[in-house]
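K.L.:
Quick one: the structure is below, questions incoming.
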């Protein structure tokens, strides 16, 4: 997480269980962002020197590491693309199309609607109104923690 010009939180990456974060600081003496746990969490700290040594010593691991970083870079690019969209409805549709599953692009939310609003760069009020409007228009269906495009 970083802070924007107006002091708002800007989420750069939303790490889930088993994922890495702060790898962009691997070759730096300082971290380039802050991390905030939204749930009780247990973290494993891997010293950068030890990770670099493993990358140098194990070619198979090095290839896997590069693959992981490439996947995260694609995810960040998709997020930047989504945040560049002007309207809230466009951001919601982009999220479903890019990250949803199946024909109807179903997405089970891993957190709360407030978390989703933050991830979309919206206030929670704007997100609530947008979801309600998309439901009224027959574009979106909501069931519990699941969002999907309507038929």
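The values are calculated or read from the model by the stated rules, or taken from the named source; none is laboratory data. What you see is a predicted model; the values in this text were computed from it and never measured. Cβ: placed from backbone, ideal geometry, glycine included. Neighbour counts: every protein chain shown.
K.L.:
Please verify whether region 76-85 includes one or more residues that are surrounded by fewer than 17 Cβ atoms within 10 Å (Cβ to Cβ), at pLDDT 95 or above and closer than 22 Å to residue 129 by Cβ.
P.N.:
Yes: region 76-85 contains one or more residues that are surrounded by fewer than 17 Cβ atoms within 10 Å (Cβ to Cβ), at pLDDT 95 or above and closer than 22 Å to residue 129 by Cβ.
K.L.:
Further question: (1) crowded, with 17+ Cβ neighbours inside 10 Å; (2) touching a helix residue (DSSP H, G or I) at 6+ places or on another chain (Cβ under 9 Å): which one isn't true of residue 90, the others all being true?
P.N.:
Every listed condition holds for residue 90 apart from (1).
K.L.:
In addition: Looking at the structure I just gave you, is residue 104 in a loop (DSSP other than H, G, I, E, B), in the same structural domain as residue 117 (by TED's automatic domain parsing) and either closer than 30 Å to residue 137 by Cβ or touching a strand residue (DSSP E or B) at 6+ places or on another chain (Cβ under 9 Å) (or both)?
P.N.:
Working: in a loop (DSSP other than H, G, I, E, B): yes; in the same structural domain as residue 117 (by TED's automatic domain parsing): yes; either closer than 30 Å to residue 137 by Cβ or touching a strand residue (DSSP E or B) at 6+ places or on another chain (Cβ under 9 Å) (or both): yes.
In short, yes.
K.L.:
I'd like the full set of residues that are within 19 Å of residue 150 (Cβ to Cβ) and more than 13 Å from the chain's Cα centre (by Cα), limited to region 108-118.
P.N.:
To start, the set of residues in region 108-118 that are within 19 Å of residue 150 (Cβ to Cβ) comprises 108-109, 113, 116.
Correct list: 108, 113.
K.L.:
Given the condition closer than 29 Å to residue 146 by Cα, assigned to a loop (DSSP other than H, G, I, E, B) and either free of Cβ contacts under 8 Å to residues at least 24 places away in the same chain or under 16 Å from the mean Cα position of the chain (by Cα) (or both), answer yes or no: does some residue in region 20-27 qualify?
P.N.:
Step one: of region 20-27, the residues closer than 29 Å to residue 146 by Cα are 20-21.
From what's left, assigned to a loop (DSSP other than H, G, I, E, B): 20-21.
From what is left, the residues that are either free of Cβ contacts under 8 Å to residues at least 24 places away in the same chain or under 16 Å from the mean Cα position of the chain (by Cα) (or both) are 20-21.
Yes: region 20-27 contains one or more residues that are closer than 29 Å to residue 146 by Cα, assigned to a loop (DSSP other than H, G, I, E, B) and either free of Cβ contacts under 8 Å to residues at least 24 places away in the same chain or under 16 Å from the mean Cα position of the chain (by Cα) (or both).
K.L.:
Check whether at least one residue in region 40-51 is more than 21 Å from residue 140 (Cα to Cα), without any contact (Cβ under 8 Å) to a residue 12 or more places away in the chain and touching a strand residue (DSSP E or B) at 6+ places or on another chain (Cβ under 6 Å), and report yes or no.
P.N.:
Looking for residues that are more than 21 Å from residue 140 (Cα to Cα), without any contact (Cβ under 8 Å) to a residue 12 or more places away in the chain and touching a strand residue (DSSP E or B) at 6+ places or on another chain (Cβ under 6 Å), one finds none in region 40-51, hence no.
K.L.:
For region 56-71, indicate whether the set of residues that are out of contact with any helix residue (DSSP H, G or I) (no Cβ under 8 Å at 6 or more places or on another chain), touching a residue at least 12 places away in the same chain (Cβ under 8 Å) and either within 19 Å of residue 16 (Cα to Cα) or surrounded by 15 or more Cβ atoms within 10 Å (Cβ to Cβ) (or both) is non-empty.
P.N.:
Of all residues in region 56-71, those out of contact with any helix residue (DSSP H, G or I) (no Cβ under 8 Å at 6 or more places or on another chain) come to 57-60, 63-64, 66-68, 70-71.
With the extra rule that they be touching a residue at least 12 places away in the same chain (Cβ under 8 Å), the set shrinks to 68.
Narrowing the set further to residues that are either within 19 Å of residue 16 (Cα to Cα) or surrounded by 15 or more Cβ atoms within 10 Å (Cβ to Cβ) (or both) leaves 68.
Yes: one or more hits.
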